[in-house]
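The values are calculated or read from the model by the stated rules, or taken from the named source; none is laboratory data. From a predicted model like this one, the values you see are computed outputs, not experimental measurements. Using ideal geometry, Cβ is built from the backbone for each residue, glycine included, and neighbour counts are taken over all protein chains shown. Heads up: the accessible areas ignore ligands, DNA and RNA and are worked out on the full protein's heavy atoms, side chains in. Shrake-Rupley method; radii C 1.70, N 1.55, O 1.52, S 1.80 Å.
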2 protein chains.
Amino acid sequence: MSTAQVVRRVAVFGGTHGNEMSGVYLVKRWLQNQEAITRPSFLTVPCIANPRAVERCRRYIDIQIQMVDWLVAVLFHSMDVPSTAPYEVHRAVELNKKFGAAGEAFDVIIDLHNTTSNMGNCLIIGSSTDSFTLQMVRYLVQRSGLVCPVFLTENPASHVKMADTRSMGVHGIGLELGAQPQGVLLADIFLRHERLVHTCLDFIHKFNQGELFPKETLEVYRILHVVDYPRNKDNDLSAMIHPELQDKDWHPLQPGDPMFLTLDGETIKYEGDSTIYPAFINEAAYYEKGIAFWATQKETLNVNELQVKN
Amino acid sequence: MSTAQVVRRVAVFGGTHGNEMSGVYLVKRWLQNQEAITRPSFLTVPCIANPRAVERCRRYIDIQIQMVDWLVAVLFHSMDVPSTAPYEVHRAVELNKKFGAAGEAFDVIIDLHNTTSNMGNCLIIGSSTDSFTLQMVRYLVQRSGLVCPVFLTENPASHVKMADTRSMGVHGIGLELGAQPQGVLLADIFLRHERLVHTCLDFIHKFNQGELFPKETLEVYRILHVVDYPRNKDNDLSAMIHPELQDKDWHPLQPGDPMFLTLDGETIKYEGDSTIYPAFINEAAYYEKGIAFWATQKETLNVNELQVKN
């Protein structure tokens, strides 16, 4: 049996990336009508995480809020921020004061994202041991009425500490819906994003009311490593995702399966020695990061019984 | 019977919009291997139309090359360009010297574009009377092996002169393939784009060799007007494309059909008094232009018999 503190404050972030439109427009709407995301037992605060990027409909202004060493230093080691620092560093410091450990950290942060990859209703979590978040994810999987693959960014073999906006809270979850082009608002994805947020809030309210969530198992896709596009001597693409792999996020990729197609029409096969499950296949924002897709492995986590701490 | 001059020089433009990736990568490849687009009877020149925008993977740097009054003035009235002019104006002047009427205009310009809309293999033409281009389009429709809807931007009721990159040539065609997110290279679309260019070049070579192209008819979608998203007092979106309209480019929209869905979940119906055929539904680049889609009407053009002028 695990217990967790009662939840008093929940933040819902949209526009962490300014051109991921369903989160942006859900949060804009909730800023006008906060009652829509109110539950009796806790406060919910909607927030446009990167307002300047939203204004310009760009992913970011200077740097990505996520996964920046400098940012990690600022957030976790209280480094001073020089005035010349990128806009996103200043903004991350503001967010960290309001929602993170630099102030009184919010209990839950729900971070809304879109991807150009065919990821469906992907739930992103950073820990295989946070029973509260795991039970919330299990609740989404069972109760949202949507198919929700779970992407686990925890990798014991990696030394990279991932600092993202949601990791500022005590518990955090990313709702990463796709496929949706950058700068496009798809009604279908907007409605699914909305439903997932409401299902999270329903879970939290039940948890606060003392409901016992039983021991469970949960299927997740755990990150292994990234795979980049084949590139030429100028570091430009020399191949594309193979048509047979495109849109096949979460499907097994077996040794010998087509992986890339060169610009000259030659197929490049996957030559690993075990089955992987690609995710974030052909995400627009990852070309500059050297990521054609993430290789993941499928595994089953045990989820502890959970109840609010008295 | 129409005749046209033998074709000596053809330009293939990619990257007129820097984040429309299949044109960008086809042209980059052909710049390395110009033989792939060589035909015995004419010269083919590949060109990255907006190299700075391609470098940054953005649609444009300062302004769009297309449809800018200022640009029209420069291109058609030989206005001097001040050094402070937007980058795209300078670039348009360079292109116009090399490919357009400021020098010896190229015979044919093939302009490669992508759209986030579900337009399929759309062919864009600007004239209902240019027999050469109409016969080339008819050839693509009949011989490419692909379904190719034809978008006609000529509207007798409109006083806007559309100055686009392809209008610099004697004849011009846009190959507008989608759906493809901005900044994403989809192999399937790359291959279709490539096939369409080769089919154009095959047509031109046959034309040069004296082949007689018989009288035909051609079904086209002629632009009527644009329809914008419903907006709030801040000019921000208050509704999205309705899920039943999304991806339905070229399908008839009848009075009473769902058109938009407000952020609060209310359906807005199409209330025109005649059937229209929407195109460019939910194109990312058109949010800032106030275009949710183009209304078009379907009509059948007569295409004259055509042979090269002796």
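Taking the axis about which chain A rotates onto chain B, which residue of A lies nearest it as judged by Cβ position, and how many whole Å separate them?
A:Pro181, 2
Go through the range A:169-188 and flag every residue whose accessible area shrinks by 20 Å² or more with all protein chains in place compared to the isolated chain (probe 1.4 Å).
A:Pro181, A:Gln182, A:Gly183, A:Val184, A:Leu185, A:Leu186, A:Ala187
Only four residue types carry charge here, +1 at the Cβ of Lys and Arg and -1 at the Cβ of Asp and Glu. Report the dipole size of the protein assembly as shown about the Cα centre in Debye, rounded to the nearest 20.
400 debye
Return the FRET efficiency for the residue pair A:Ala36, B:Asp236: r is the Cβ-Cβ distance, R0 is 22 Å, and the value is rounded to the nearest 0.05.
After rounding to 0.05, the efficiency reads 0.80.
What's the buried accessible area, both sides, between A and B using a 1.4 Å probe, rounded to 100 Å²? Intermediate results must be reported in sequence, preceding the final value.
Working: alone 13970 and 13940 Å², together 25610 Å².
So the buried area, both faces added, is about 2300 Å².
Compute the FRET efficiency between B:Thr217 and B:Glu244 as 1/(1 + (r/R0)^6), taking r as their Cβ-Cβ distance and R0 = 45 Å, and round to the nearest 0.05.
My answer for the efficiency is 0.90.
Once you sort the root eigenvalues of the Cα gyration tensor of the protein assembly as shown as a ≥ b ≥ c, which label holds: rounded (a/c under 1.5), prolate (a/b larger than b/c) or oblate (the other case)?
Because a/c hits 1.5 or more and a/b exceeds b/c, the protein assembly as shown counts as prolate.
Using helices alone, I'd like the mean residue ellipticity at 222 nm for chain A: each DSSP H run of four-plus residues gives -39500 (n - 2.57), total over residue count, nearest 500.
Only helices count here, giving -7500 deg cm²/dmol.
Mind listing the label-point distances from B:Glu266 to the same position on all other copies, shortest first, one decimal in nm, points 7 Å along Cα→Cβ?
For B:Glu266, the other copies' label points sit at 6.0 nm, shortest first.
If the label for B:Leu191 sits 7 angstrom from Cα along the Cα-to-Cβ line, what are its distances to the same label in every other copy, in nm to one decimal, shortest first?
When each copy's label point is compared with this one, the spacings are 3.3 nm.
Per residue, how much accessible area does chain A have with a 1.4 Å probe, in Å²?
I get 41 Å² per residue for chain A.
Given the options B:Gly265, B:Gly15, B:Gly183, which has the most mean-square fluctuation in a GNM of chain B, springs set between C-alpha atoms less than 10 angstrom apart?
Among B:Gly265, B:Gly15, B:Gly183, the largest GNM mean-square fluctuation belongs to B:Gly265.
Amide H neighbours of B:Asn114 under 5 Å, at least 5 residues apart or on other chains, H built in the peptide plane: list them.
Hits under the 5 Å cutoff: B:Leu177.
Just to confirm the numbers: B:Asn235, label point 7 angstrom along the Cα-Cβ line, distances to the other copies in nm, shortest first?
So the label point of B:Asn235 gives 3.8 nm to the other copies.
Mind ranking B:Glu283, A:Glu244, B:Glu271, B:Glu216 by accessible surface for me, highest first, 1.4 Å probe? Write out the running numbers ahead of the final one.
Values: B:Glu283 5, A:Glu244 120, B:Glu271 165, B:Glu216 50 Å².
Descending accessible area places them as B:Glu271, A:Glu244, B:Glu216, B:Glu283.
Out of B:Asp234, B:Asp164, B:Asp273, any idea which swings most in a Gaussian network model of chain B, alpha carbons joined below 10 Å?
Of B:Asp234, B:Asp164, B:Asp273, the Gaussian network model singles out B:Asp234 as fluctuating most.
For the range A:125-157 and the range B:137-207, what is the separation of their C-alpha centers, rounded to whole Å?
The range A:125-157 and the range B:137-207 have Cα centres spaced 46 Å from each other.
Compute the signed sum of charges (Lys and Arg +1, Asp and Glu -1) over the other residues within less than 11 Å, Cβ to Cβ, of A:Asp236.
Around A:Asp236, the charge tally is +2.
Points 7 angstrom from Cα along the Cβ direction at B:Arg195 and A:Met1: gap in nanometres?
6.4 nm
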